[in-house]
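Presented below is the structure to which this report refers.
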Amino acid sequence: MTHDPRPLIARFLGPGAVEHGPFGLLGVSPDDCGPDRVDAALQRQLDRVAAHREAETPGADDVRLALHAAATQLLDPRVRAHLVERWRPSYAAARAAGAQRTAQQPQATRPAPVAAKPDDLDRRLREREDDGQRELIRVMVFIGAATMLMIALGLVAILAIGSGGAGGGGGAPAARNPTAAPTPPSAQGPDAAPPSPDPQAADGQTEPSADARPSARVATDLVDPRRTLHELRECAKAARGDPNAALPTFDRLVRQLSDWWVRYDPAVRRACDDAVLEVLLAMAASPEVLDAAIESVASHSAAFVAAPGESDKPRARLLPAEVWPVAWSVGMLTRLSRERDVPTRMAVAVSDALDARLGAARPSDQTFESGAAGALRRLPALLMNDRSVRGHVRDSATGATGSTAAVKKWIEACRALASDEAAAERALIEGLEQILTTCREPEEDLGVFEAVGLLVREIRWRAGGAARPRLLDWFRDPRVSDSDLRVVTAALAHGSAAEGVDSTMVFSAGAGPDDRSRLRASYAAAWGIETAGRERASREWADTARAAAAATYPTRPDELLRETAAAARLNEAARLIWRGEGQAAKSLLSDTALAQSLGPNAPPPPAPPVVHTFTIGGRATNWAERYLAAERSIPARLELIAELDRIGRPIDLVTASLLAREAVIGSPIQVRFAAARLAGQLADEATIVHAVLDELPGAPKTASLGELVERITRQRLPRVTDPGWEIAARRALVERLLGMLARGSPEARFEEYALLIADSYLRAASLEVARGAGAAAEGAVLGARSLWSAVYAEAAAAAPVEAAPVPLDMIERRLRGRLSLAEGPVQEFAAHQVSIVEAMAFVISGERPTSARAVGAVVERMQQERRDARHVFEQLLATETAALRLWMIRLGVEEGGAP
Amino acid sequence: MTRLLATLTLAWLAAMPATALAGGHAPHQPDETGAPLAAPAGAAAQRPEWVERRLAALRPERPREYLELGEEIAEQADNPSMRTLARTLFVLAYETSKTAPDGRAAQPAGSSGAAAEGDLRVSVCLALAALTDREHERTWLRAIAASLGWKAGRADGGARRATAAIDPAALDLSNALSLIRIGEGRQAARLLDKPEVAQLLLRTERLLSPAGLTGGEARVRRLMAEWPNCPECRNRRFVRNAEGVRLCPKCGGRPGPRLLQQELLYQLRLESSILQGVQKSWVAQSIVDGGAPLRDLDPDELAKTYSVDPTRTVWRDGAWHEPAAGTRRGAGAAGSR
């Protein structure tokens, strides 16, 4: 134990047990502490712990270890003599003073209470139960009081909002102008003025009644971040002693942090994140308190979780005061999900909370930043009125709780998280696109109108950035309405940072489909996008693509995958060229590190350590010998387990098998617990996973075994009493070990190429690249799935295309069918990959009717090669090469020609 | 003839599995073969007269008649050769529909379900699916039908197919492998003595070698026999001598055979397969399924899958012939289907 165990000891054994060192702990007198007496006392105290309601908790384990350590001390004659000399005076004084103790009053001839006075033990056990019940009552009273306090605060908030107070997202500084009256874009052209909501909003200060929710959040005042950090650390210390008492403080600090993290220095914020984790770990001894603390973190993003039975009701929009807390909460949960050495209960609760909030969009990179960014990506539409809301939509934009104020908060949070200006621009343009494509028309909803104008003015519209090409896409995107374009272009022309845009480039009220193309061309010319891209990058791309398309397919699986990764990179570059991001395409093509890792002369990866080793000798083997020599001695075995924790990794198979056996079937329970705890901490050692797997057939099905397997496999399993538990546990262990050993196999290189493929697809779908072990499989599927959605949308917008080789509805049905057949992550990726190509063929056949036959030939060839393939990697390469050929057609790259 | 059929079947099965596994067929299939047997000419004696008559009347211009005859035969099929014949008819129905004047024949009156889609290809796929007892094949055929527009009775579009039930012997076999690895051969033997467990090991032994070769089962039994338990320490892991407690010199403190990492990997592959594990990395997945390709949803694959020659669509003298050859008596090699 690394923390003060005294509160724990007092909880299980009474306050008297923390006095007088080991004598109080064991309940023996310094005057009568022979070996027999000590053994009897040890057993008695262990029985008391075992009879406690929390006997199965880690806290109980800690108390057991303390008892054994105390017994070990008193069984050593020299140590005993020293301790007797030290504690006898105070023990005698306390006894003489008649202090009230719950420890025994030992006398030389009186036998141990358990053996001689069962009534006495029963009474003490009842006292312990009463203590536990009193504690439960205290907790319930506390929860009730907290609830009353929250209701009171809510009432105060209602009053504050009703009077137009300065709530809503952190007390926006006076320099801000949160209640700007809406103004239409001041387009001067006769046809340029877009219809806009009433420019004279009735009352910029009046809070819309539709948004007056009783539970509207009121932000706390800004506190010095360093003070918050200091308080969090103090809270962690307090929580080790009394988790219950620390909980309200934790709630308060978490609220402060969630309300204001955007304004924190990133280093201080990260330190606060670590401090939050420290508090949670300190509360781990009390499962109920831990649950409440995790809920305290998660509750700030409850708006992401749909209430049951309310899916058919209009969604309430997020208020400004909720924007930063939502992002913080999801970011913090993501950060917590990275931790391995945490109680399973906590890991499961965090994982469940994240699944409810982000679902499949959970980032593989488990950092605060990725989680918060993921939450922010989902927010823009949630800041606007639900599409089905009728009435009061005008008023909901203005004021301190209006959607405009919320968008400003969102912008500030995006900038705080962005690593650079380019990332910030990407975040803002994606947010703007989300509002344009999913929210009400700006002419119907003032909030949308203002949000669009605000975002357009915030975006820098830099050359080479993500915003300019995205705008060009919107002219072709059927999801972006004429009304959207009017408002966007008007804002661009008046008041934005976009260069080269004037009032003649505002989409007019009476414009038709041709005007969209014309205006698009104007913007492309003004910004020099497509021509510049073609000139700079296309030539290089064309040469590389022609060579790749003409190359013979290799035969070895690793070579097939390597060529697939190279083709995926070319296709990613092609997409960038098509979108006008020529500079980005050029950078991708010239990334020498990437090129070297993909080329045939790529250096082999460093050999991963062989994990299945069998060695004799060394410190670990010596440990195994000493452990076996300890035979049935509990103190010796506990001490050796603690020593193994200090020996360090790696753990060889002899040691691992011994530890696993003890963890699974060791006796007595305290040894089993200690071994299981250490085995759980060593869950990243393949030898441990292997050993636990092989000990499973003979293992008794206990809750601790279930926890150990969950911890090792990082999977949630059925209860051990469930008939399917054994199969689920074995399957999970086999999967885990197979994955670990696979990294040491000759096929390990597959993972490296898989990661490159995943990254290409993720970037093409504008998602964060994959990070961490095992990220490739997940990332590849996520990227392919997202890219499929994007390409399918493109195809749906282009439909109908009579000349397409595969009809659009059949493409979608085929995907469903392929997914029903797919087994494993590679086939699942392959299913999406081929559907993407079929959809691309559909689109290109529509764009270039004269090339429809060539497109059909590409698809036919791909289908034949896939049918003939004997390995799934052959299919991947055939499909990726087909995509490359389609890009060549789309970009006008023909044999011997240039774009 | 029945004995000849059995002999030919065994010989063909012995030759098939290695190539089938190397070709990427999903592992742990109860039946390694991917195609029906070629019915020997002698099977003609088993066909009723009405079947012969109806076969002889088939013409490639009327594809639906192939389907209808196949359905009637499938209803009454009580032996493998008749089921094979039904399959052949279904496939020929599809193949002939591609070139027939009216491939999408109007549905028969009163039809419902899949036929209501008005697409003979869908009917063919569903008819083949009804005839197979292999879950994976049935899923594939139904997926083809769905891609052609058939709407399944229950929503299964886009979702992973329902996992087939795990073989009840899978857990015992997996446990037996663990027991062998830790030198508890006697306990492992009790599990492997169960007939269903022994059968499962025989069926899946090819997963124990990277090349899909046989011999895995023998190797497992040999390891089991070599390690009933440690002869020196009886699996206690240590011995006591004048120097005190020492690790057992025989087993080194960890009873059980010394496996190379690669061998352990393939044992895990077998266990993952029979327990239906879901891998989380491409490399692990490749190890488990050997890089099995994703089966495509192309009805043009049916002929190849069921070893049907799509050019031989006319029945004459107990065999299928090409239409032009079929009109000339005795001309052309007779396919023995």
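The values are calculated or read from the model by the stated rules, or taken from the named source; none is laboratory data. These figures come from a predicted structure and were not determined experimentally. We place every Cβ from the backbone using ideal geometry, glycine too, and count neighbours over all the protein chains shown. Just the protein is used for accessible areas: all its heavy atoms, side chains included, with ligands, DNA and RNA removed. Shrake-Rupley method; radii C 1.70, N 1.55, O 1.52, S 1.80 Å.
Restricting attention to segment A:490-504, the residues that are touching a Leu at 6+ places or on another chain (Cβ under 7 Å) and under 30 Å from A:SER789 (Cβ atoms) total 1.
Of all residues in segment B:270-287, those being touching a residue at least 40 places away in the same chain (Cβ under 8 Å), within 7 Å of another protein chain (Cβ to nearest Cβ) and part of a helix (DSSP H, G or I) number 1.
Note on segment A:716-728: residues that are more than 10 Å from every other protein chain (Cβ to nearest Cβ), without any contact (Cβ under 8 Å) to a residue 60 or more places away in the chain and not aliphatic (A, V, I, L, M) total 6. Answer with yes or no whether B:ALA145 is more than 14 Å from chain A (Cβ to nearest Cβ) and either at pLDDT 90 or above or open to solvent by less than 40 Å² (accessible area, probe 1.4 Å) (or both). In short, no.
Can you confirm whether A:GLU444 is of a type in the set (Asp, Glu) and either out of contact with any Pro (no Cβ under 8 Å at 6 or more places or on another chain) or part of a loop (DSSP other than H, G, I, E, B) (or both)? Answer is yes for this residue. Kindly establish whether A:SER496 is modelled with pLDDT of 75 or more, outside the structural domain of A:ALA795 (by TED's automatic domain parsing), among the polar types (S, T, N, Q) and surrounded by 20 or more Cβ atoms within 10 Å (Cβ to Cβ). It is true that A:SER496 is modelled with pLDDT of 75 or more, outside the structural domain of A:ALA795 (by TED's automatic domain parsing), among the polar types (S, T, N, Q) and surrounded by 20 or more Cβ atoms within 10 Å (Cβ to Cβ). If the condition is being open to solvent by less than 40 Å² (accessible area, probe 1.4 Å) and within 7 Å of another protein chain (Cβ to nearest Cβ), then segment A:729-746 contributes A:ARG730, A:VAL734, A:GLU735, A:LEU737, A:LEU738, A:GLY739, A:LEU741, A:ALA742, A:GLY744, A:SER745. Among the residues of segment B:290-300, is there at least one that is in a helix (DSSP H, G or I), under 22 Å from the mean Cα position of the chain (by Cα), farther than 30 Å from A:LEU628 by Cα and in contact (Cβ under 8 Å) with a residue 12 or more places away in the chain? No: zero hits. Restricting attention to segment A:867-886 and to residues that are modelled with pLDDT under 95 and assigned to a helix (DSSP H, G or I), the residue that is nearest to A:ALA764 (Cα to Cα) turns out to be A:ARG867.
Taking segment B:296-310 as the range and being within 7 Å of another protein chain (Cβ to nearest Cβ) and either of a type in the set (Val, Ile, Thr) or within 26 Å of A:LEU756 (Cβ to Cβ) (or both) as the test, only B:ASP296 passes. Here the helices (runs of 4 or more DSSP H) wholly within segment A:653-728 that include at least 2 residues being surrounded by fewer than 24 Cβ atoms within 10 Å (Cβ to Cβ) and under 25 Å from the mean Cα position of the chain (by Cα) are A:669-681, A:703-713. If we scan segment A:789-803, do we find a residue that is under 21 Å from B:ARG138 (Cα atoms), open to solvent by less than 10 Å² (accessible area, probe 1.4 Å) and in a helix (DSSP H, G or I)? Checked against the condition, which is being under 21 Å from B:ARG138 (Cα atoms), open to solvent by less than 10 Å² (accessible area, probe 1.4 Å) and in a helix (DSSP H, G or I), segment A:789-803 yields no hits at all. Restricting segment A:850-886 to residues that are β-branched (Val, Ile, Thr) and either surrounded by 23 or more Cβ atoms within 10 Å (Cβ to Cβ) or touching a Leu at 6+ places or on another chain (Cβ under 9 Å) (or both), the residue that is farthest from A:VAL791 (Cα to Cα) is A:VAL872. Against the numbered list (1) more than 12 Å from every other protein chain (Cβ to nearest Cβ); (2) closer than 30 Å to B:LYS151 by Cα; (3) open to solvent by less than 10 Å² (accessible area, probe 1.4 Å), A:ILE811 comes up short only at (1).
Residue-by-condition table, conditions (1) crowded, with 23+ Cβ neighbours inside 10 Å; (2) under 26 Å from B:ASP289 (Cβ atoms); (3) of a type in the set (Lys, Arg):
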site: B:SER174; (1), (2), (3): yes, yes, no
site: B:ARG190; (1), (2), (3): no, no, yes
site: B:LYS194; (1), (2), (3): no, no, yes
site: B:GLY212; (1), (2), (3): no, yes, no
site: B:ARG222; (1), (2), (3): no, no, yes
site: B:GLU226; (1), (2), (3): no, no, no
site: B:ASN235; (1), (2), (3): no, no, no
